[in-house]
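A.B. asks: Structure in structure tokens, see below.
The values are calculated or read from the model by the stated rules, or taken from the named source; none is laboratory data. Because the structure is predicted, anything quoted here is derived from the model rather than measured. All Cβ positions, even for glycine, are placed from backbone atoms using ideal geometry, and neighbour counts span all protein chains on display.
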Amino acid sequence: MKKLLSPLLLAVIMLVICGLMYPLLMTGVAQVVFPYQANGSMIKEGDKPIASALIGQQYTAPYYLQGRVSAVHYNTYTNLADFAGVASGSFNYAPSNPALQERMTADIAKFLAQNPTVKRADIPAELMTASGSGLDPHITVASANIQVPRIVKASGLSTTEVQQIIEANTTNKEFGIFGQVTVNVVTANLAIKAAMAQNS
Amino acid sequence: MLQITLILLVYLPVVLITGRYLYAVAMQEKMVMDKVYQPIEHRIYRLANISQEAMTGKQYIIALLITNACMIAIGYFTLRIQQWLFLNPNQINNMEATLSFNTIISFMTNTNLQHYSGESGLTYLSQMLVIIFMMFTSAATGYAVCMAFCKRLIAKTDTIGNFYVDFVRVIIRVLLPLAFLVGLLLVWQGTPQTVQQNVTLTTIEGTSQDIALGPVASLESIKHLGTNGGGFFGANSSTPFENPTVISNMIEMLAMMLLPGACVVVFGLLVAKRFQHQRAWLGKQGTTIFAAMSVLFLAGLLIVYFAEQQGNPMIDELGIAQQGSMEGKETRFGIEQSALFTTVTTAFTTGTVNNMHDSLTPVGGLVPLFNMMLNVVFGGIGVGLMNMMMYVLLAIFIACLMIGRTPQFLGKKIEQKEMKFMALSILIHPVLILGFSAFAVMTSAGIAGVTNPGAHGLSQILYEYASSAANNGSGFEGLADNSTFWNVTTGLVMFFGRYLTMILQLAIASLLANKAINAESVGTLQTDTPTFTIFLVAIVVLIGALTFLPALALGPITEQLLMFG
């Protein structure tokens, strides 16, 4: 009997320590020490959240920067009935899957129509490919710069203003070595919105 | 390449120090923190009615299996009734039976294959009581059996060590403190840690957006430290909340490399100290094995990196500017941090992903697949070292046949019975992967899961079973795997891949433990030389290649030839 009792008791004790005490203690400490990050790095307007600085959003207006392709539409929706529920992920197309070429061909055509001054050969593939999470808030500097003429035309801001906004929302490599140079689409668009509001 | 090199250079001193600490924990050396840890441990022993006497190999494995069985029962029950329990602010339903079976086996066996998505499939309570709990206990189980194995290799008796003590000590002294530290670092970088419900907000374009939250950081840290790999969210460590920055990416990689490497260090120290080399950091025998693993690791890393850097020819055809294959990857990580993560997660068999492996270039996807087929390139916590030791014994046996000596390792003769068990434990792995893949290809229920056309479809199936058998848990995630067929078959593969191998390996250690130690003579094969390292790598690659090359030729190699041919 003891052969069975000890393992069972041990399982229950570990359940309490690792499954309850540890995560709840961590929640308590995190909420006190890093309350902004622990609650999702929410950017607020007044006290209403309008975005998370870490999660991308789907933008359609021509005066906003567009992010990468998302298989889950960044969990944005206009009609709750059409929303499949909060998710994350990618299309999981094999590199050889013809569906990948089809999707990209359609997106490239759409992008060229929206950005008539852009040459096809200059479009960064990164902007036309889907991120792994479908929630990637970042694009490369090249992917941001290529959208500048469209944003300038639609927003009424000057080229320098738009470029300054992009620059202000660019993060360099950590210590100049690790990672990539990235532009945060979400915070850049909030800045564009603010600049447009100031101009009008 | 600079950033990759720097990360690996940081890893070396860190793993040596951790290994030394782990040795102290395993050998019950006195340490400064005893004052804090001992009262906690003794209270646990008392509450669970545990006596700390030494166990034989058989008693040890039985205690391990019963403890795991109890945890499986508790976890399964929790998933089936999660809807009615507390901490369910997002109104998640109960989990279906075959999916619950798959999930529980998956987490108890340290695999963390996920046929559900965390956002929609688990309540916060299940994430904590089932997932986080099992991430600690399955890692501790792997560590415990590995220590039992290593101690027996150098001991003169089979009655040594106590499962409950090993299990409790590693959780209290290693996993919990480290998980807490790493978790807080991740929160600092932006990983949420809350029990509040998901947020629905209105964007600047007036649309609604749902943002999934939860106690993410507490799961994320042990997920990597314990080489578990199951994500809080569906897209795992590619989601910004699980892995917000390049700093968090490097923390997660180092976390999952830490303990499998440290287990090798512990083994090295055990051997070194037996031969009275008290001041060793890794020991000669440990260095041979660590070096063999590192060679295999670096070779895989270079291949993935160059394959991904080269990009996808089908995207080049579209006439746009491609710099590396970025489909399924995150901008903040780019090619280098993604390639390194992919190699680390499959070599150390964690199974967490920061990019979608299904979208890797054919050769870029072949490497993670091959890493899991070998299952010895560091491997999961504890068990990876034991798998490598099987190849060490095999290499010794073959080498001794070639030079006409009696095979012996650390002074113990390797005889018929050990060789039989060893051959079995090496064979289980390919039999599970190839056998079940063949079965899936023959049945319509198996084929139904395949979502990519052509050769890549076979790769999806191979990857799923290789990942299950190696207790890795990553996937070619396109596979539509939440069906009765896939839930049950992968559940079985994970179960046998974990426990059958473990039982056989500990049995070998017990057999060796009971043998007398022979003095070394001039004729004894030296197993701690660079020559042996090279020989070991050759044996691993040869056996791996012979077994899996035909299957790989039909999958990723065909795809590569068709795309680049």
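A.B. asks: Keeping to the stretch A:1-60, report how many residues are surrounded by fewer than 16 Cβ atoms within 10 Å (Cβ to Cβ), in a loop (DSSP other than H, G, I, E, B), facing another protein chain (nearest Cβ under 7 Å) and not hydroxyl-bearing (Ser, Thr, Tyr).
C.D. replies: Within the stretch A:1-60, residues that are surrounded by fewer than 16 Cβ atoms within 10 Å (Cβ to Cβ), in a loop (DSSP other than H, G, I, E, B), facing another protein chain (nearest Cβ under 7 Å) and not hydroxyl-bearing (Ser, Thr, Tyr) number 0.
A.B. asks: Under 6 Å by Cβ, and 6 or more places apart or on different chains, what pairs join a residue from the stretch B:7-20 that is among the hydroxyl-bearing types (Ser, Thr, Tyr) with one that is buried (at least 18 other Cβ atoms within 10 Å of the Cβ)?
C.D. replies: Going by the 6 Å Cβ cut-off, the qualifying pairs are B:11/B:257; B:18/B:258; B:18/B:262.
A.B. asks: Go through the stretch A:71-97 and count every residue that is facing chain B (nearest Cβ under 7 Å), outside any helix (DSSP H, G or I) and out of contact with any Lys or Arg (no Cβ under 8 Å at 6 or more places or on another chain).
C.D. replies: Qualifying residue count for the region: 14.
A.B. asks: Of the conditions (1) buried (at least 24 other Cβ atoms within 10 Å of the Cβ); (2) farther than 29 Å from residue B:18 by Cα, residue B:205 fails just one. Which one is it?
C.D. replies: Going through (1) buried (at least 24 other Cβ atoms within 10 Å of the Cβ); (2) farther than 29 Å from residue B:18 by Cα one by one, residue B:205 breaks only (1).
A.B. asks: Considering only the stretch B:161-182, I want to know if a residue exists there that is among the polar types (S, T, N, Q) and either without any contact (Cβ under 8 Å) to a residue 60 or more places away in the chain or assigned to a helix (DSSP H, G or I) (or both).
C.D. replies: So far as the stretch B:161-182 goes, no, none of its residues is among the polar types (S, T, N, Q) and either without any contact (Cβ under 8 Å) to a residue 60 or more places away in the chain or assigned to a helix (DSSP H, G or I) (or both).
Okay, residues lined up against (1) among the aromatic types (Phe, Trp, Tyr); (2) more than 14 Å from chain A (Cβ to nearest Cβ); (3) surrounded by fewer than 16 Cβ atoms within 10 Å (Cβ to Cβ):
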site: B:445; (1), (2), (3): no, yes, yes
site: B:463; (1), (2), (3): yes, no, no
site: B:468; (1), (2), (3): no, yes, no
site: B:499; (1), (2), (3): yes, yes, no
site: B:517; (1), (2), (3): no, yes, yes
site: B:529; (1), (2), (3): no, yes, yes
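A.B. asks: Filter the stretch A:39-66 down to residues that are hydroxyl-bearing (Ser, Thr, Tyr) and in contact with a Lys or Arg (Cβ under 9 Å, 6 or more places away or on another chain), then give me how many there are.
C.D. replies: Here is the first cut: in the stretch A:39-66, the residues hydroxyl-bearing (Ser, Thr, Tyr) are A:41, A:52, A:59-60, A:63-64.
Add one more test, that the residue is in contact with a Lys or Arg (Cβ under 9 Å, 6 or more places away or on another chain), and what stays is A:63-64.
Of the residues in that region, 2 qualify.
A.B. asks: Just checking, which of B:448, B:347 is farther than 22 Å from residue B:152 by Cα, out of contact with any helix residue (DSSP H, G or I) (no Cβ under 6 Å at 6 or more places or on another chain) and not β-branched (Val, Ile, Thr)?
C.D. replies: Testing whether each residue is farther than 22 Å from residue B:152 by Cα, out of contact with any helix residue (DSSP H, G or I) (no Cβ under 6 Å at 6 or more places or on another chain) and not β-branched (Val, Ile, Thr) leaves just B:448.
A.B. asks: Every residue in the stretch B:286-344 that is touching a helix residue (DSSP H, G or I) at 6+ places or on another chain (Cβ under 7 Å), facing chain A (nearest Cβ under 8 Å) and among the small types (Gly, Ala, Ser), please.
C.D. replies: B:319, B:321, B:325, B:328 - these are the residues of the stretch B:286-344 that are touching a helix residue (DSSP H, G or I) at 6+ places or on another chain (Cβ under 7 Å), facing chain A (nearest Cβ under 8 Å) and among the small types (Gly, Ala, Ser).
A.B. asks: Conditions: (1) in a helix (DSSP H, G or I); (2) within 22 Å of the chain's Cα centre (by Cα). Residue B:553 meets all but one. Number of the miss?
C.D. replies: The number of the failed condition is (2).
A.B. asks: So residue B:61 clears everything in (1) more than 9 Å from chain A (Cβ to nearest Cβ); (2) in a loop (DSSP other than H, G, I, E, B) except one condition, right? Which one?
C.D. replies: (2)
A.B. asks: So is residue B:343 buried (at least 24 other Cβ atoms within 10 Å of the Cβ), at pLDDT 95 or above and within 28 Å of residue B:475 (Cβ to Cβ) or not?
C.D. replies: yes
A.B. asks: While we're on this one: Scan the stretch B:354-375 for residues that are touching a Phe, Trp or Tyr at 6+ places or on another chain (Cβ under 6 Å) and part of a loop (DSSP other than H, G, I, E, B) and jot them down.
C.D. replies: B:354
A.B. asks: Yes or no: residue B:229 in a helix (DSSP H, G or I), more than 10 Å from every other protein chain (Cβ to nearest Cβ) and either among the small types (Gly, Ala, Ser) or farther than 30 Å from residue A:185 by Cα (or both)?
C.D. replies: Details: in a helix (DSSP H, G or I): no; more than 10 Å from every other protein chain (Cβ to nearest Cβ): yes; either among the small types (Gly, Ala, Ser) or farther than 30 Å from residue A:185 by Cα (or both): yes.
When the stated conditions are applied, residue B:229 does not pass them.
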